[in-house]
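Accompanying notes for the structure given below.
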Amino acid sequence: MKHDPYSLTELIRNEEFIAWVMHPDELSDRKWQAFLEKHPGKRSTVESAREYVILLAKDTGRHQPDQKQSDRMWSVVESHMRDDAQKTAEPEKVPVLRVTHRHGWRWMRVAASAALILSIGSVSYWFYYKKADGPLREAAARESTKIPYTIQKYNDTDMPMTVLLQDGSSVVLQPGGRLSYSEGENKKRREVTLTGKAFFEIVKNKQRPFLVYSYGLATKVLGTSFMIDATSENKDIKVEVRTGTVSVFSINNLDKTQKEAVLDKPELEGITLKHDERIAFSKESGKIVQLSAPIAAASDKDVSKQHFVFDETPVSEVFRLLESAYNVRIVYDREKMGSCPLNATLIGQPLREKLEVICNALDAQYEMADNQITILGKGCK
């Protein structure tokens with residue numbers, strides 16, 4: 001049988017592939033996107049491999065095992081696979097494994113035996129908690145609490161996807177967009193990597209700036225709302241500010257020391273943009289060009305164009321607008337709350353802050369689970 005370097009099992013242990021999944025950058029993203037365009041039949045295999053790499057990283061508390069650990073784990077994995085092959089007299093249909101996750105993992109078709117993922121989980125458990133000696137087991141436990149794991153959000157639907165970040169900020173990811181970030185606590189800055197188009201509503205924090213990386217462009221804010229269009233097929237990246245102040249600058253020509261120094265500063269650097277200002281960043285030349293102000297037109301389905309200004313507006317209409325803009329479902333007692341009037345200006349505030357303002361006005365509380373929001377309260381009189 002001809003060796004396939006891009007099979008599921010090879011991708012899962014390919015160092016370049018793992019680096020792309022866990023820490024995507026411009027070069028690696030360009031390489032793998034080009035590979036998918038050239039080999040569209042490999043897309044499902046690549047997506048499955050991505051999920052396995054993320055699961056393995058989360059399960060072990062590490063982004064990547066060292067070579068010795070990798071060899072020991074894979075010897076057991078391959079042993080499981082050989083045993084399964086010997087027990088199967090006839091080829092079976094590839095099973096469909098449905099994986100649900102609170103962070104929005106999509107349904108995926110597994111391109112190999114389901115025993116593989118079970119093997120990965122059992123091997124990591126076996127290595128870290130069963131076979132390791134006392135000091136190593138304690139070290140692994142310490143690392144699992146210190147090392148954050150990277151979360152990948154990919155919107156493979158035809159509707160916007162709302163991503164709620166740990167600091168309370170919200171990101172509305174458009175179809176085809178991919179967002180990568182860590183849940184770990186970085187004392188100096190908050191960071192995400194974006195491929196595609198998204199609208200950001202960031203919680204203010206002057207001590208910890210928020211940074212978005214896209215193909216060599218860094219967008220830095222202290223707390224504001226803005227849109228970034230960094231789709232892979234476009235030559236330019238567009239940044240458009242809705243509220244507050246945003247700075248943009250290229251990091252392509254900075255070495256590691258220079259980059260860290262610039263990113264760690266709480267002050268804004270580079271070209272500064274304010275309300276309704278926007279720029280275009282060339283992926284090829286790295287040049288930043290100022291663009292004319294966009295025409296702001298209200299739209300229920302585009303959160304970046306929604307004004308969110310309410311004047312004696314019935315809560316039923318407020319919730320309808322939020323559902324449409326953020327693609328969420330809001331459950332509430334329409335009879336008790338639907339006609340309650342709301343007076344508020346909620347431009348640029350993250351979704352959670354909007355809900356807090358509304359609930360304070362209604363003397364109510366809210367609960368969130370996935371993309372459903374439940375409002376609990378007695379309503380107005």
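The values are calculated or read from the model by the stated rules, or taken from the named source; none is laboratory data. Note that this is a predicted model, so its numbers are computed, not measured. Backbone-built Cβ (ideal geometry, glycine too); neighbour counts: all protein chains shown.
Residues checked against (1) in contact with a Leu (Cβ under 8 Å, 6 or more places away or on another chain); (2) assigned by TED's automatic domain parsing to the domain that holds PHE200:
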position: LYS256; (1), (2): no, yes
position: ALA261; (1), (2): no, yes
position: PHE310; (1), (2): yes, no
position: THR313; (1), (2): yes, no
position: ASN327; (1), (2): no, no
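Restricting region 169-203 to residues that are at pLDDT 90 or above and part of a loop (DSSP other than H, G, I, E, B), the residue that is surrounded by the fewest Cβ atoms within 10 Å (Cβ to Cβ) is PRO175.
Quick check: is even one residue across region 248-262 in a strand (DSSP E or B), under 30 Å from GLU37 (Cβ atoms) and of a type in the set (A, V, I, L, M, F, W, C)? Yes: region 248-262 contains one or more residues that are in a strand (DSSP E or B), under 30 Å from GLU37 (Cβ atoms) and of a type in the set (A, V, I, L, M, F, W, C). Scanning region 313-332 for residues being of a type in the set (Ser, Thr, Tyr) and touching a Ser or Thr at 6+ places or on another chain (Cβ under 8 Å) gives a total of 3. Within region 215-250, the residues that satisfy the criterion of being in contact with a helix residue (DSSP H, G or I) (Cβ under 8 Å, 6 or more places away or on another chain) and under 16 Å from THR195 (Cβ atoms) are TYR215, GLY216, ALA218, MET227, SER232. In this structure, LYS220 qualifies as surrounded by 18 or more Cβ atoms within 10 Å (Cβ to Cβ), of a type in the set (Lys, Arg), in a strand (DSSP E or B) and over 13 Å from the mean Cα position of the chain (by Cα). Is it true that some residue in region 364-381 is in contact with a Cys (Cβ under 6 Å, 6 or more places away or on another chain), surrounded by 15 or more Cβ atoms within 10 Å (Cβ to Cβ), assigned to a helix (DSSP H, G or I) and not acidic (Asp, Glu)? No, that holds for no residue.
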